[in-house]
1. How would 143, 116, 221 rank on accessible area, largest to smallest, probe 1.4 Å?
2. Express the relative contact order of the range 31-125 as a whole percentage, based on alpha carbon pairs under 8 Å and six or more residues apart in sequence.
3. What is the gain in length, in nm to one decimal, between residue 273 and residue 109 on full extension, counting 0.36 nm per residue of separation less the C-alpha to C-alpha distance?
4. Would you rank 93, 51, 1 by solvent-accessible area, highest first, keeping every protein chain in place and using a 1.4 Å probe?
5. Quick one: net charge around residue 62, please, counting Lys, Arg +1 and Asp, Glu -1 for every other residue with C-beta under 13 Å from its C-beta.
6. Would you please give the FRET efficiency between residue 307 and residue 191, computed as 1/(1 + (r/R0)^6) with r the Cβ-Cβ distance and R0 = 30 Å, to the nearest 0.05?
7. Under the Karplus relation 6.51 cos²θ - 1.76 cosθ + 1.60, θ = phi - 60°, what is the ordered set of whole-Hz ³J(HN,Hα) values for the range 69-77, x standing for Gly and Pro?
Amino acid sequence: MPELSVVIPVYGNEATLPEVVHRLEAVGASIPGGLEAVFVIDGSPDASGAMLRELLAQSPLRAQLVWHSRNFGSFAAIRTGLSVAKGELVAVMAADLQEPVELLTDFHAALSGGEYDVAVGTRRSRADPNLGKAGSRLFWTVYRRWVQTEMPRGGVDVFACTRQVRDALVACEESNSSLVGLLIWLGYRRVSVPYDRSPRPSGRSGWTLRKKARYLVDSLYSFTDLPITALLVLGVTGVVLSLLGAAIVFLAWAFGGVKVHGYTPLMLSLLTLGSIILSGLGIVGSYVWRGYENSKQRPGALTMFSETFNDAP
């Protein structure tokens, strides 16, 4: 068994893959017990898969190359890589080189002593545009405030864990959830490893605003009862205000204060109540839909085939 496996989802990373493989070779030489790289081609539209096959065939790096049948998303690709990784320790990082590959040695040092089960990379700084940094800061502030207070400030993009934690993480077969959220939810003994995030050497991030919003919504429904609690509070508040308004209207009618029934208050009441009801149905429906999706028990991703390079006999 290799000492450490690193899972790397690949989607549109053709420009950075040669450097990734080169730096993994250097890191692998410094890790006692050896390093295994697990690349998961997640329906990449470019020639990333063919390039990796050629690079790994010429490299001494011990590696697996796994091909998805289509694009299932980075979390599904990571889950696939975790399930086939052979190392006693397993790390996860992206192929865009924004997280330094050399961070793997720090993860190995943090976990090899047996004192911790999970090592998460925490950003000291990030060489991103100011708008991107502000948006990320807002996103993770909301996430830590309303979803998971244990989430490190700035979120988690790269982590490593023991085989025991890996098995527990893979066993959590949930649809429309967050892999990092599940990692935090599992608990275990966790340590933070600081690093500096590098600028993207090429290409654009696939982490769009739409995906961030979807990620936040999935996390809300998966790790907190905040939406349904907010709906309950809104409903109770509405009942109290309705009773108070009814009492005021009744007293006004009893003392002759109501002469003509108003059209505007009636329509405002109908619209307000209708909006609350529709919002409530949407929230409840979201829970029902997620339960239905999990009841299907479809696999998170489908693997067409896999290849092994420089595997030990």
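1. Sorted by accessible area, descending: 116, 221, 143.
2. Relative contact order here is 28 percent.
3. Working: separation 164, 0.36 × 164 = 59.04 nm, distance 5.82 nm.
Extra length from residue 273 to residue 109 when fully extended: 53.2 nm.
4. 1, 51, 93
5. Cβ neighbours under 13 Å give a net charge of -4.
6. Working: r = 34 Å, r/R0 = 1.13.
My answer for the efficiency is 0.30.
7. In residue order, the calculated couplings are 6, 6, 7, 10, x, 5, 5, 5, 5 Hz.
The values are calculated or read from the model by the stated rules, or taken from the named source; none is laboratory data. Source: prediction; values computed, not measured. FYI the Cβ positions are ideal-geometry reconstructions off the backbone, even for glycines, and counts take in every protein chain you see. We work out accessible area using only protein heavy atoms, side chains counted, and drop any ligands, DNA or RNA first. Shrake-Rupley method; radii C 1.70, N 1.55, O 1.52, S 1.80 Å.
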